[in-house]
Amino acid sequence: MYRYDHYDQAIVDDRVKQFRDQTNRYLGGTLSEEEFRPLRLQNGLYIQRYAPMLRIAIPYGMLSTKQLRRLADIAAKYDRGYGHISTRQNLQLNWPELKDVPQILAELAEVEMHAIQTSGNCIRNVTSDHFAGVSPDELTDPRPWCEILRQWSTFHPEFAYLPRKFKIAVNAADTDRAATRVHDIGLDVVKNSQGSIGFRVIVGGGLGRTPIVGQVINEFLPWTHLLSYLESILRVYNLHGRRDNKYKARIKILVKALGIEEFRRQVEADWAYGKDGALTLTETEVDRIKQHFTDPAWKTLVDESLVTIASYHNDRAFTRWLDRNVHPHKVPGYAAVTLSLKDPKRAPGDITTEQMHLVADLADKYSFGELRTTHEQNLILADVEKSELFALWQEARANSLATPTVGLLTDIICCPGGDFCSLANAKSIPIATAIQERFDDLDYLHDIGELDLNISGCMNACGHHHVGNIGILGVDKNGSEWYQVSIGGRQGLNAYLGDVIGPSFAAAEIPDVITKLIETYIEKRESDEERFVDTVHRIGVAPFKERVYAGKERVALNG
Amino acid sequence: MAKKIIKHGRIVDDSWQVIRLAEGDTPETVVLPEGDLIVPLKVWKAQRQTLLGRPQRGVWLSPDELAEDVAIDLTYFSVVAIDFPQFADGRGYSTAALLRSRYGWHGELRAIGDVLRDQLFYMNRVGFDAYAIRADKDMNNALEALNDFSETYQAAVDEPLPLFRRRSA
Ligand code: SF4
C-alpha cells in the first residue's frame with residue numbers, strides 16, 4: 001500500500017499543527033462556532049447528538065496492521081473502546097472529546113493517517129473496490145489512481161468551499177463494487193481498442209434526497225488527462241452549482257438542470273485551456289505510485305476448490321462461512337476473506353478495540369499485514385492461503401468476526417441513525433437488530449440467498465437505502481419515528497433505485513414487513529437461483545405490496 | 001487611523017475605498033466620492049466615463065460574476081477585488097484562479113468581505129495577493145496563515161507545477 005515520503009508526511013504534520021491552533025482559538029473564543037464549523041468538518045469532526053464524532057480517513061479502504069493497532073489504541077484511550085466502519089470505508093469514533101482531537105490527529109499522523117476532508121463541502125475520501133489488486137475480474141489495480149486522486153484532492157485550494165460535498169469512486173472490475181454510478185464522479189478504468197488505459201467518466205450520480213443514477217460525460221478519457229479533466233468538472237460545478245438551497249447543491253442537480261450535453265460542453269470548454277498543461281500525468285509519477293501497490297510475495301500453491309476444502313472438514317458452520325465469506329482471488333491457492341462486523345449482538349459495522357487488535361494479528365499471520373474496509377461495513381483479508389482458511393475461521397469465530405452472512409439479508413448496511421446522528425428522523429440500529437433477531441436461522445438465511453438490506457435514518461441516505469434490494473428509510477411523521485420501505489434497488493453497473501411500496505410503518509411492524517416480503521419472494525421465485533431483487537424486477541412491486549398491506553387494510557376497514 | 005490590509009505578505013496602509021450600493025442606490029445613480037475607489041462591476045459598466053476621469057480605479061466582483069465578465073476591461077484597473085459575502089462561498093476561488101491563469105491579470109487581486117485567517121492559505125494559492133481582513137479580526141494572526149503549510153500537492157497560481165512534477169525521490 002501507499003507509504004508516505006517526506007512530502008506527504010510534512011503535509012499531514014502541518015495539518016495537525018493547523019488544526020491544533022484552530023481548536024485552541026475556538027476553545028479560547030477568538031474563532032466563532034460558525035467560523036470553526038467548516039474547518040472542523042473538513043477535518044472529519046461533527047458535533048453529534050451526544051458528543052463529537054470524528055471520522056478518520058481510510059483512503060480507498062486500505063489499512064496496515066500498524067495503522068489498525070493505532071486505531072485500536074486511540075479508540076481505547078479517547079473513546080469507549082470501539083469504532084464504527086462507515087459506508088464510505090472510513091472509521092468513525094462516536095465519543096471523542098473536542099479538546100483531545102488535535103492529539104488524536106497527531107497520533108494518527110505518526111502512522112500516516114489523518115481525518116482530512118472526511119466531511120464538509122469539499123472533495124471527500126476517494127473510495128474503491130475492496131477487492132482491488134486481487135479480484136479475478138479486474139482490468140488493472142485501481143488503487144494507484146485512487147492515490148493519485150487523493151493527493152490531487154488533498155487541500156485543493158480552489159475546491160475547498162464547494163456548494164456541497166463531493167464524492168469520487170473508482171472501479172476497475174467487471175462487477176462494480178465501488179458504486180461508480182451513484183457518486184458525484186464515478187471512474188471506471190477501461191481499455192480502448194488500441195489497448196491503452198483510460199477512464200469512463202460518470203458524473204452526477206448520487207443518493208440522498210434526490211437519488212439519481214449518474215450519466216457518462218466521457219466514454220474514454222486517456223489516463224494522462226485524468227486530473228485536468230476532473231479540475232474542469234469541479235470548476236464548472238464550483239462556479240455554477242446552486243448555493244441557495246443545500247438540498248439542491250450537489251452536482252447531480254446542476255447536471256440535471258443543464259442536461260448532460262450542455263454540462264459536457266461547459267466542461268470541455270474549460271478543459272480546452274487546461275488540457276495538456278502541467279496537470280498532465282506523467283509515466284514517471286504513475287510508475288512511482290504503482291511501486292507502492294506491487295504484489296505481495298504470493299507463493300506458488302496448488303489450488304483447491306472450496307468444495308474440496310469443505311469436504312475435508314465436514315463442518316456445517318465452516319461450510320456456510322466458506323460459502324458466504326470467502327471470495328475468489330486471482331492467484332491459485334489464495335482467497336479473499338470477509339471478517340464480518342455483523343454480529344447480531346452489535347450494531348452493524350462496529351468493531352471493538354480487542355477485535356481490532358485481533359484482526360491485526362490475523363492480518364499479520366494470514367494476509368501480509370494488510371486489510372481493507374468495505375462499504376458494506378465489513379473487513380477484508382485479501383490474501384489468505386486456502387489451506388489456512390479453517391484455522392483463520394476458528395480464530396475469527398472465537399471473536400465474533402465470522403458471522404457467515406456476507407451478502408445475505410442480515411448483512412445489513414446501516415447508518416448510525418438516531419442513536420448518534422443529530423440529523424436523524426429515526427433510529428436505524430434497533431431496526432437492524434430487530435431484523436437480525438427475526439432472521440436468526442442460518443439455514444433459512446442461506447435459502448433466501450443474496451439480498452442487500454440497507455437502512456438510513458434520514459433522507460441523507462448514509463445507509464444507501466435507495467440501492468438496497470430492500471431499503472428502509474426513517475421518516476418523521478408528526479414528531480414520531482416511521483419507516484418507509486422500498487424494494488428492487490441495486491448497486492453496480494445496472495444500478496437501480498428502489499420503489500417505495502407504500503405508506504410507512506412503525507418500528508415494531510418492520511420485522512413482519514420483511515417477513516412478508518421474503519415469503520412473497522420464496523413463493524414467487526422461479527428457482528433457488530433467482531435472487532430476491534431479480535424476482536422483484538420480474539414480477540413487479542404489486543404482489544409484494546399486496547401481501548404486506550393486506551392485513552393493514554383489514555385493520556383499517558375494521559377500525 | 002489609516003486603514004490597513006495585508007498585501008504581499010505584509011500589513012500595509014490602504015488608500016482604496018470599496019463602494020457598495022446601499023438600499024435605493026442604483027449603479028447608474030450612486031454618487032462616487034473623490035479618491036481611489038473599488039466599485040462594483042455594475043457601477044463600472046454604468047459609470048465608465050466618470051471613472052475613466054480618475055487617475056486610477058478598481059473594480060470588485062460579486063460571487064455570481066465571472067472572470068470573463070471583467071476580462072476585456074482589465075487594463076483599466078489598478079485593483080481587482082473579489083467579494084466574499086460569506087467565507088464559505090467558494091466561487092471566488094475559481095474566479096481568482098481564472099483571472100490569473102486564463103485572463104492574465106497581474107495586478108493586485110484583493111479579497112474583500114468575510115475574509116478570515118483560516119481561508120488565507122488557499123486564497124494565496126489561487127492568486128490573491130491582498131486581503132482586507134474582516135475588521136473584528138487580528139491581522140497579525142491572519143498573516144501567520146500564509147505559512148500554514150510548507151508543501152502542497154496541486155499546481156496553482158503560486159506554484160505552477162504540481163508536486164508530482166517537482167518531487168525528487
Ligand atoms: S442517513 Fe441521516 S441519520 Fe443516518 S447517518 Fe446519515 S444523516 Fe445521520
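Can you pull out every residue in region B:1-35 that is out of contact with any helix residue (DSSP H, G or I) (no Cβ under 9 Å at 6 or more places or on another chain) and among the polar types (S, T, N, Q)?
Matches in region B:1-35: B:Ser15, B:Gln17.
Between a residue in region A:18-38 that is facing another protein chain (nearest Cβ under 10 Å) and any residue that is assigned to a helix (DSSP H, G or I) and open to solvent by 60 Å² or more (accessible area, probe 1.4 Å), which pairs come within a Cβ distance under 6 Å, given they are 6 or more apart or on different chains?
A:Phe36/A:Tyr26
Being part of a loop (DSSP other than H, G, I, E, B) and either within 14 Å of another protein chain (Cβ to nearest Cβ) or of a type in the set (D, E, K, R) (or both) is the filter here; which residues of region A:157-188 pass it?
If the condition is that a residue be part of a loop (DSSP other than H, G, I, E, B) and either within 14 Å of another protein chain (Cβ to nearest Cβ) or of a type in the set (D, E, K, R) (or both), then A:Ala160, A:Tyr161, A:Leu162, A:Pro163, A:Arg164, A:Lys165, A:Lys167, A:Asp174, A:Asp176, A:Arg177, A:Asp184 are the ones that fit.
B:Arg167 versus (1) at the interface with chain A (Cβ under 9 Å from one of its Cβ atoms); (2) modelled with pLDDT of 95 or more: which is the lone unmet condition?
The one condition B:Arg167 does not meet is (2).
Please specify each residue of region A:269-294 satisfying the condition of being within 17 Å of B:Ser101 (Cα to Cα) and either away from chain B (no Cβ under 14 Å) or among the hydrophobic types (A, V, I, L, M, F, W, C) (or both).
A:Ala269, A:Trp271, A:Ala272, A:Ala278, A:Leu279
Of all the strands (runs of 3 or more DSSP E) wholly in region A:362-466, which have at least 3 residues that are near the ligand (Cβ under 10 Å from one of its atoms), among the aliphatic types (A, V, I, L, M) and within 14 Å of chain B (Cβ to nearest Cβ)?
Filter on region A:362-466 gives an empty set.
Looking at region A:65-72, is at least one residue within 14 Å of chain B (Cβ to nearest Cβ), out of contact with any Leu (no Cβ under 7 Å at 6 or more places or on another chain) and either within 19 Å of A:Cys146 (Cα to Cα) or surrounded by 20 or more Cβ atoms within 10 Å (Cβ to Cβ) (or both)?
Among the residues of region A:65-72, not one is within 14 Å of chain B (Cβ to nearest Cβ), out of contact with any Leu (no Cβ under 7 Å at 6 or more places or on another chain) and either within 19 Å of A:Cys146 (Cα to Cα) or surrounded by 20 or more Cβ atoms within 10 Å (Cβ to Cβ) (or both), which makes the answer no.
Any chance region A:303-322 includes a residue that's of a type in the set (Val, Ile, Thr) and under 30 Å from A:Gly205 (Cβ atoms)?
No, there is no match, as no residue in region A:303-322 is of a type in the set (Val, Ile, Thr) and under 30 Å from A:Gly205 (Cβ atoms).
Of everything in region A:480-497, what is within 16 Å of the ligand (Cβ to nearest atom) and open to solvent by 20 Å² or more (accessible area, probe 1.4 Å)? Give them in sequence order.
A:Ser480, A:Glu481, A:Trp482, A:Gln484, A:Leu497
Take A:Leu54 and tell me if it is part of a helix (DSSP H, G or I), closer than 29 Å to A:Arg346 by Cα and away from chain B (no Cβ under 12 Å).
No; evaluated as a whole, the condition is false for this residue.
Is it the case, given these coordinates, that A:Gly471 is open to solvent by less than 10 Å² (accessible area, probe 1.4 Å), within 30 Å of A:Ala173 (Cα to Cα) and part of a loop (DSSP other than H, G, I, E, B)?
The answer is no for A:Gly471.
Checking B:Gly24 against (1) within 30 Å of A:Leu31 (Cα to Cα); (2) more than 9 Å from every other protein chain (Cβ to nearest Cβ), which single condition isn't satisfied?
(1)
Residue-by-condition table, conditions (1) within 26 Å of A:Tyr229 (Cα to Cα); (2) at the interface with chain A (Cβ under 9 Å from one of its Cβ atoms); (3) of a type in the set (Lys, Arg):
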| residue | (1), (2), (3) |
| --- | --- |
| B:Glu68 | yes, no, no |
| B:Asp83 | no, no, no |
| B:Ala96 | yes, yes, no |
| B:Gly104 | yes, no, no |
| B:Leu109 | no, no, no |
| B:Val115 | no, no, no |
| B:Asn141 | no, yes, no |
| B:Glu151 | yes, yes, no |
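Looking only at region A:133-145, decide whether some residue is within 14 Å of chain B (Cβ to nearest Cβ) and closer than 25 Å to B:Phe121 by Cα.
no
Would it be correct to say that A:Asp364 is over 19 Å from the mean Cα position of the chain (by Cα), open to solvent by less than 20 Å² (accessible area, probe 1.4 Å) and of a type in the set (Asp, Glu)?
No; evaluated as a whole, the condition is false for this residue.
Kindly provide the set of residues from region B:118-142 that are within 14 Å of B:Gly9 (Cβ to Cβ), open to solvent by 20 Å² or more (accessible area, probe 1.4 Å) and within 16 Å of the chain's Cα centre (by Cα), ordered by number.
Scanning region B:118-142 gives B:Phe121, B:Asn124, B:Asp129.
Output yes when any residue across region A:501-520 is of a type in the set (A, V, I, L, M, F, W, C), open to solvent by 10 Å² or more (accessible area, probe 1.4 Å) and either within 16 Å of the ligand (Cβ to nearest atom) or assigned to a loop (DSSP other than H, G, I, E, B) (or both), and no when none is.
Checked against the condition, which is being of a type in the set (A, V, I, L, M, F, W, C), open to solvent by 10 Å² or more (accessible area, probe 1.4 Å) and either within 16 Å of the ligand (Cβ to nearest atom) or assigned to a loop (DSSP other than H, G, I, E, B) (or both), region A:501-520 yields at least one hit.
Would you confirm whether or not region A:368-380 contains a residue that is at pLDDT 95 or above, touching a Ser or Thr at 6+ places or on another chain (Cβ under 7 Å), under 30 Å from A:Thr300 (Cα atoms) and surrounded by fewer than 22 Cβ atoms within 10 Å (Cβ to Cβ)?
There is at least one residue in region A:368-380 that is at pLDDT 95 or above, touching a Ser or Thr at 6+ places or on another chain (Cβ under 7 Å), under 30 Å from A:Thr300 (Cα atoms) and surrounded by fewer than 22 Cβ atoms within 10 Å (Cβ to Cβ).
Could you go through region A:9-23 and let me know if any residue there is among the hydroxyl-bearing types (Ser, Thr, Tyr) and crowded, with 20+ Cβ neighbours inside 10 Å.
Yes: region A:9-23 contains one or more residues that are among the hydroxyl-bearing types (Ser, Thr, Tyr) and crowded, with 20+ Cβ neighbours inside 10 Å.
The values are calculated or read from the model by the stated rules, or taken from the named source; none is laboratory data. Fair warning: this is a prediction, and the values are worked out from it, not measured in the lab. Don't worry about glycine lacking a Cβ; one is built from the backbone with ideal geometry, like all the others, and counts go over all protein chains shown. When the accessible area is computed, the model is the full protein with side chains, heavy atoms only, and any ligands, DNA or RNA have been set aside. Shrake-Rupley method; radii C 1.70, N 1.55, O 1.52, S 1.80 Å.
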